[in-house]
1. How many of the residues in segment 306-356 are part of a loop (DSSP other than H, G, I, E, B) and closer than 30 Å to residue 31 by Cβ?
2. Residues being of a type in the set (D, E, K, R) and either under 19 Å from residue 254 (Cβ atoms) or under 19 Å from the mean Cα position of the chain (by Cα) (or both): count how many of those fall in segment 300-339.
3. Which of the following residues is crowded, with 19+ Cβ neighbours inside 10 Å and away from the ligand (no atom under 14 Å from the Cβ): 221, 243, 167, 265?
4. Given the conditions (1) outside the structural domain of residue 181 (by TED's automatic domain parsing); (2) near the ligand (Cβ under 10 Å from one of its atoms), which single one is not true for residue 7?
5. Take the residues in segment 296-307 that are touching an Asp or Glu at 6+ places or on another chain (Cβ under 9 Å) and crowded, with 16+ Cβ neighbours inside 10 Å, then tell me which one is farthest from residue 238 (Cα to Cα).
6. Please list, ordered by first then second residue, the pairs with beta carbon atoms under 6 Å, 6 or more apart or interchain, first in segment 184-195 and within 16 Å of the ligand (Cβ to nearest atom), second of a type in the set (D, E, K, R).
7. Can you give me the ranges of the strands (runs of 3 or more DSSP E) entirely in segment 52-145 with at least 3 residues that are crowded, with 22+ Cβ neighbours inside 10 Å and either away from the ligand (no atom under 12 Å from the Cβ) or not hydrophobic (A, V, I, L, M, F, W, C) (or both)?
8. Output the number of residues of segment 17-39 satisfying the condition of being more than 16 Å from the ligand (Cβ to nearest atom) and within 27 Å of the chain's Cα centre (by Cα).
Amino acid sequence: MDNNFLDKLKEISGDSALITGKAVAERKAGIWIDEPIGASAIVRPKTTKEISQILALCNESQIEVVTHGGLTGLSQGAIANTEQLALSTELMTEIEEIDPYGRTLTTQSGVKLQTIQEVSEQHNMFFPLDLGARGSCSIGGNASTNAGGNKVIRYGMTRDLILGLEAVLADGTIISSMNKMLKNNTGYDLKQLFIGSEGTLGIITKLVLRLKEKPSSENTALIACDSFEKVKELLKHFDSGLAGSITAFEVMWNEFYTLVTTSPAENKPPIHQDYPFYILIEYSGFDQAIDTEHFNSLLESGLDKNLISDAVIAKNEKERSDLWGIRDDVEQQFRLGPIKIFDVSLPINDMETYLENSKKLFTKHWEEFHFVVFGHLADGNLHIIAGVNKDDADSMRQIENCIYEPLRDINGSVSAEHGIGLEKLPYLDISRSEEEINLMRTLKRSLDPNNILNPGKVFS
Ligand SMILES: Cc1cc2nc3c(=O)[nH]c(=O)nc-3n(C[C@H](O)[C@H](O)[C@H](O)COP(=O)(O)OP(=O)(O)OC[C@H]3O[C@@H](n4cnc5c(N)ncnc54)[C@H](O)[C@@H]3O)c2cc1C
């Protein structure tokens, strides 16, 4: 990247927007990545117009661009090499409008998810997307990865929470599709091209988000269960008892629960550690007294039907947040030595057999290994923390095969919510047909003929 090019970037965004040299390497490549950002330079525009000019310049100069949001992505989607320019949205932090009647929030793409949640609350509204990285991830990154999180069963994925979007194409063309209406069937829904495409088709600059009315009651319980069959029955029990409006149904297998409730983890086990399954269930409603009575009656009937072995109910916000603290303490995984976290999706009915088959493959290759399962079970999404006390490339590749190959026959997905990035490139064909991948390539070629936007991610 020559000085002439860097000078032009400065002309567009100003001196202070550009980071070069040692200062680039002082930044970490990702929240859980110990390596520095590999890019040649980082540019930090403030407006859509600047991004349009930057991309037009990059397209003309054949400089590849990797967009950076909060760098919390878990599939190596934002990794850049020394020839590439990183474009960070960290200065695009303006929330432009909030409309409690139209139930929309219009924002630039660099705003942190937690800020959007808090600003919505200040207007007595609610933005339901929620994930452990809320304080660091950007709403543009959430859109680009179509993030899921803890409340998908009730409110859907990020895709379901976006009404409109503005993006800049590789040649600098601004596509402004800032629709605020729930219904708009005028031709192709172009925003969908950019949602979940991991920065390979355009850079998302603005979004119209769909807000919900703020729930005024919360009921949360941690339940222990003694079989997977009962976990499934309990999901049905609560789902039908709440007319399809459970807010969260997070399941922790014994190994995960034990890991996150044993010192040095800060959380203590509210229920003893002998059960095979623990469920964190939450229901948000409209009246605390009425909802609590109904929620507790469902717990009681669950006990009567012998679906529940033990349970604790959060009696206040502190206890609720403590229960979520257990589920969210995923960083305890690093106590297990070199590990990899997986994010697979499959029908709930196939989960037990899938896990057995995958574990059998581990047993074939290694005498000792970690296989720790938790996840958004009601969405069909499991996270598996796997490790074999080695981190060489061959072992990692073998671990990936043990997790991904058993998905092939059951039409499972190698990525429920984290995306493909670089990490899952070799496994895309497990979840997508040749024709689907070819159509993806056709779209990529037509929107980005010079292949400058996050090249090599999603497919090679
Ligand atoms: C503790 C923890 C918990 C997590 N929990 C969840 C969870 O429950 N559910 C879930 O889905 N994910 C989860 N994640 C993963 C991660 O937080 C999400 O993928 C998140 O959406 C990434 O947002 P980001 O701003 O950090 O994006 P980045 O990591 O910066 O980028 C991710 C991808 O999006 C692209 N990108 C970023 N911004 C833009 C933009 N404006 N335009 C175009 N492309 C862009 C990047 O190039 C990259 O390909 C978790 C991560 C952590 C660390």
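1. Matching residues across segment 306-356 total 6.
2. Count: 6.
3. Numbers: 243 fails: crowded, with 19+ Cβ neighbours inside 10 Å; 167 fails: away from the ligand (no atom under 14 Å from the Cβ); 265 fails: crowded, with 19+ Cβ neighbours inside 10 Å.
One residue alone meets the criteria, 221.
4. Single failed check for residue 7: (2).
5. It comes out as 307.
6. 195/159
7. Numbers: elements: 65-68, 85-88, 95-99, 104-108.
Qualifying strands (runs of 3 or more DSSP E): 104-108.
8. Within segment 17-39, residues that are more than 16 Å from the ligand (Cβ to nearest atom) and within 27 Å of the chain's Cα centre (by Cα) number 2.
The values are calculated or read from the model by the stated rules, or taken from the named source; none is laboratory data. Keep in mind it's a predicted model, so treat the numbers as computed, not measured. Positions of Cβ are backbone-derived with ideal geometry, glycine not excepted, and every protein chain shown enters the neighbour counts.
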